[in-house]
Amino acid sequence: MRSGKGNAHAHSLFISDLHLCRSRPVITAQFLAFLQYQASQAESLYILGDFFEYWAGDDDLDQHLPIIEALRILADNGTSIFFMHGNRDFLIGDRFAQATRITLLADPTLIELYGRRILLSHGDALCTDDVAYQAFRQQVRTPAWQHAFLQQPLASRKAQIEALRKRSEQEKSGKQESIMDVNEDAVDTLIRQFQYPQVLIHGHTHRPALHQLTVDGHQVQRWVLGDWYDQGSCLRADHSGFTNQPL
Ligand code: LP5
Ligand code: MN
């Protein structure tokens with residue numbers, strides 16, 4: 001048995017917001033090295049959304065074969081991989097999951113790990129002050145919208161995504177920073193809904209931090225994962241708690 005799997009060194013890793021795309025090969029190379037040297041030592045890897053810069057549909061798998069193959073090798077070697085959709089890759093579906101041997105998780109999902117109840121989310125649903133985004137999100141997360149979108153030719157989907165990306169960047173430049181962060185009441189409501197997990201882990205805001213909360217007298221840690229634009233960011237969980245894993 002390799003170190004760190006199923007023994008006293010057992011640990012799991014959490015990442016999000018890698019925004020992998022072919023135009024940023026350095027990040028892809030960094031991620032592939034991370035899988036080989038770090039994730040391979042973990043019993044599980046949780047990818048909490050915006051793994052790709054965007055995902056147009058599983059018929060575009062060929063764009064990312066080295067990544068898909070590396071995930072499959074990791075899974076075949078015994079690291080369980082869990083994957084939650086982000087706002088950029090919510091169209092990842094069963095074909096991608098089968099090719100990579102990942103397990104898709106709903107957003108949010110409660111897990112129990114090393115004696116703690118841990119709630120996982122991408123984080124965009126918690127940004128409730130961003131009303132324009134939430135209206136858009138509600139529309140594109142329905143099965144009917146997704147079915148109709150995926151029926152269209154890949155080239156047409158990509159053109160629409162490009163237009164959306166431009167519009168999103170324009171609109172973001174006019175939004176206050178605070179609007180694009182999580183709403184604290186939305187966080188508290190979620191914590192209550194899941195009966196006060198000890199830990200909430202999410203990404204999306206690209207504001208890595210540990211927030212210590214008290215919700216109805218319960219202590220909760222909110223870990224915000226960082227993005228991978230300049231350097232990787234990874235949270236490690238084991239029997240003694242949580243730490244930022246140097247990459
Ligand atoms: O990702 P990030 O952090 O930069 O910004 C998000 C919100 N923007 C988005 C858009 C994505 O970044 C880019 C597209 C991803 C591909 C998705 C694939 C399939 C969808 C294809 C649809 C054509 O998620 C941004 C938030 C920000 O997070 C912070 O939380 O502010 O939201 C926006 O800027 C969105 C605008 O406010 C509203 C846009 C409405 C567009 C409606 C026209 C599109 C019509 C499509 C049919 C419904
Ligand atoms: Mn996001």
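Remarks
- Ranked by the mean number of other Cβ atoms within 10 Å of their residues, highest first, the peptides 93-99, 68-74, 223-229 come out as 223-229, 68-74, 93-99.
- Computed from the alpha carbon positions, the gyration tensor of region 149-247 leads to an equivalent ellipsoid with semi-axes of 32, 18, 15 Å, biggest first.
- Using the average count of surrounding beta-carbon atoms within 10 Å as a protection proxy, the listed peptides 202-208, 26-32, 115-121 rank, highest first, as 202-208, 115-121, 26-32.
- Protection proxy ranking of 55-62, 168-175, 154-161, by the mean of other Cβ atoms within 10 Å over each peptide's residues and highest first, is 55-62, 154-161, 168-175.
- Three-way shape label, region 1-126, alpha-carbon gyration tensor, a/c 1.5: oblate
- Enclosed volume per residue, in Å³, of the convex hull spanned by Cα atoms of region 11-236: 122 Å³
- Charge dipole (debye, nearest 20) of region 11-236; +1 at Cβ of Lys and Arg, -1 at Cβ of Asp and Glu: 180 debye
- DSSP beta bridge pairing in region 11-236, given as percent antiparallel to the nearest 5: 40 percent
None of the figures in this text is laboratory data; all of them are computed from the coordinates on show. On a predicted model such as this, the values are computed, not experimentally measured, just so you know. Ideal geometry is used to build each Cβ from the backbone, glycine not excepted, and the neighbour counts take in all protein chains shown.
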